[in-house]
């Protein structure tokens, strides 16, 4: 069923029908390289459907608001990642969001820290938030470069194209499913890339992952706002060309 | 400067000859190939060539080449020859080559790559280290900047005879420099805040107000500065206020100029004599050059990372003159274009904007998200043909800049 522009799921009704509240968590600690892109892409694609969008940027010395619809976590260096994990554990807000079925999209360092543990500056295990059943450690070498991965067909999202830059190796527990299968690149390190469980989704595609993957952006929006009408072709054209160019450049 | 040992002399001579061959055959400016050859013959050459000189190292993410040029100009007030790697070859080979070519120069002003600074500091026993700024840059191949700051901190703590001249407005720079025994703080400003929202000491959120920045939780705060950039004027260490009136455009270059004056002052130069020399610098290694192209005044701005783009937007011609943006993603540029999303393009609204370069589609998607109207173009001449006679500002990253410069001519 196509949703009328302006209609939203019941949960968003507190701020009027068809509005979304996006929360960017700790841009002061977790915003290494273009992470703002995911926020901008979500905003644009929501607004093109007539959905009102409000966005909040929450710094590490502020409480994480509990009433958002989509929460974004970006990448970060080792020390900021450890600090962010500690502060988010103490705050408890993100875990509460996950429990009530809020949408969380985390990339790179953010992806690792929503799991049960990750590797610190010297590779030592650091406790994560444990809101998705994954566990990360430090691999032998950095995975840096373009990545292509085919998304779990259950999600109905076209193949992912992005850039990864990390030294993490991530193992999925029985409570999480791989987001995608790696065609080019490293991802989780075992041939899979990213993970999802319920409405919590993480990926090693860093920075502005959603800019090249509007299908993934729409998946997150639909989790929060219900089914989305398709966009006008002209509004998709640049992203389509960019995807095509990147996929061709990487697969040769 | 003592006499060089025989092997070092031989290495310098052979490297210099190779550099000349490289220049004559049009392969490059020769400084890297010459230096590489020399170092193969005498690995200790950088230390030997630095002995007995007053060496100044200039490092940071943005402004290294320009500041090196400005310091060289300012030290001219002392009437001494200055050795310098003026064209940005900033690793060991380029430094060795610059020193080898100016054996008699008492002063050496050397731009140094951020990652190499600790090793170069040790080899040269530098008298002064200038720390400009630290921000995200080419993260697919460079170290994370907190790690860079940590390495600087350790290196400077181990160099007791070195004077550090550092930007007090950049928290990560302050953290790196604070371990040094002797620091001259310069309030050189910082427009780019996205890499310094949290305290390098404890990780808490940094607060900023008109007095500067301070940590909300620990004692880490902006040190008080001896030199201050105040709008377009410099306030020197004894309180004299002088208008900078540089030929180079933009706030970032005024900041670089104040750093240069602080260095010149340290070596005993009179600020009143050094400043006019800074004003004569109008282009640096092709940057800021204005060239005429079919009746359009084309100005080339090199900007390699988000902080650099922010500074470049600051110097665009006023009004609604056209702008060309060009982005490549070769190895020297960084293969990852994610950083394009860290730049705020909304200041370009209302100007005709043209996007070129290998990664122009990345720019297209980015500008669309900021609701900035733009057109795709093939290259500089395509844009020149599509804009009316008058100003055209070009902002390009590294290899894109080199390509454009090759087309419009290597104006000096």
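The values are calculated or read from the model by the stated rules, or taken from the named source; none is laboratory data. Quick caveat: nothing in here was measured; it's all calculated off a predicted structure. Cβ coordinates were reconstructed from backbone atoms using ideal geometry, including for glycine residues, and neighbour counts include every protein chain displayed.
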Single residue of the stretch A:56-86 satisfying the filter (crowded, with 24+ Cβ neighbours inside 10 Å and part of a strand (DSSP E or B)) that is farthest from the other protein chains (Cβ to nearest Cβ):
A:71
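Can you find a residue that is surrounded by fewer than 22 Cβ atoms within 10 Å (Cβ to Cβ) and either farther than 30 Å from residue A:252 by Cα or out of contact with any strand residue (DSSP E or B) (no Cβ under 9 Å at 6 or more places or on another chain) (or both) anywhere in the stretch A:179-192? Even if it seems obvious, please write down each step before you answer.
Restricting attention to the stretch A:179-192, the residues satisfying the condition of being surrounded by fewer than 22 Cβ atoms within 10 Å (Cβ to Cβ) are A:181, A:183-185, A:189-192.
Still in the list and also either farther than 30 Å from residue A:252 by Cα or out of contact with any strand residue (DSSP E or B) (no Cβ under 9 Å at 6 or more places or on another chain) (or both): none.
Looking for residues that are surrounded by fewer than 22 Cβ atoms within 10 Å (Cβ to Cβ) and either farther than 30 Å from residue A:252 by Cα or out of contact with any strand residue (DSSP E or B) (no Cβ under 9 Å at 6 or more places or on another chain) (or both), one finds none in the stretch A:179-192, hence no.
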So residue B:190 ticks every box in (1) without any contact (Cβ under 8 Å) to a residue 60 or more places away in the chain; (2) within 14 Å of chain A (Cβ to nearest Cβ); (3) buried (at least 21 other Cβ atoms within 10 Å of the Cβ) but one. Which box is left unticked?
(2)
Report every pair of residues separated by at least 6 positions or lying on different chains whose Cβ atoms are under 6 Å apart, first residue within the stretch A:216-237 and free of Cβ contacts under 8 Å to residues at least 12 places away in the same chain, second crowded, with 16+ Cβ neighbours inside 10 Å and part of a helix (DSSP H, G or I).
none
Need at least 1 residues that are in contact with a helix residue (DSSP H, G or I) (Cβ under 6 Å, 6 or more places away or on another chain) and surrounded by fewer than 23 Cβ atoms within 10 Å (Cβ to Cβ) per element, so show me which helices (runs of 4 or more DSSP H) inside the stretch B:294-398 make the cut, counting only ones lying wholly within it.
B:306-314, B:360-369
When you scan the stretch B:92-106, do you find a residue that is buried (at least 23 other Cβ atoms within 10 Å of the Cβ) and either at pLDDT 95 or above or part of a strand (DSSP E or B) (or both), even just one?
no
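Examine the stretch A:182-198 for a residue that is in a strand (DSSP E or B), within 18 Å of residue A:40 (Cβ to Cβ) and either within 17 Å of the chain's Cα centre (by Cα) or in contact (Cβ under 8 Å) with a residue 40 or more places away in the chain (or both), and state whether such a residue exists. Before you say what the answer is, go through the steps one by one.
Let us first name the residues in the stretch A:182-198 that are in a strand (DSSP E or B), namely A:182-184, A:192-197.
If we keep only those that are within 18 Å of residue A:40 (Cβ to Cβ) too, we end up with none.
No, the stretch A:182-198 has no match at all.
Filter the helices (runs of 4 or more DSSP H) completely within the stretch A:200-252 down to those with at least 3 residues that are more than 19 Å from residue B:328 (Cβ to Cβ) and within 14 Å of chain B (Cβ to nearest Cβ).
Values: elements: A:209-212, A:214-225, A:233-251.
It comes to A:233-251.
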Which residue pairs have Cβ atoms under 8 Å apart, sit 6 or more places apart or on different chains, and have a first residue in the stretch B:36-50 that is closer than 14 Å to residue B:123 by Cβ and a second that is crowded, with 16+ Cβ neighbours inside 10 Å and modelled with pLDDT under 70?
B:45/B:38; B:45/B:39; B:46/B:39; B:48/B:42
Check residue A:36 against each of (1) farther than 27 Å from residue B:144 by Cα; (2) within 14 Å of chain B (Cβ to nearest Cβ); (3) touching a helix residue (DSSP H, G or I) at 6+ places or on another chain (Cβ under 6 Å) and name the one condition it does not meet.
(1)
Does any residue of the stretch A:147-158 turn out to be within 14 Å of chain B (Cβ to nearest Cβ), buried (at least 19 other Cβ atoms within 10 Å of the Cβ) and assigned to a strand (DSSP E or B)?
yes
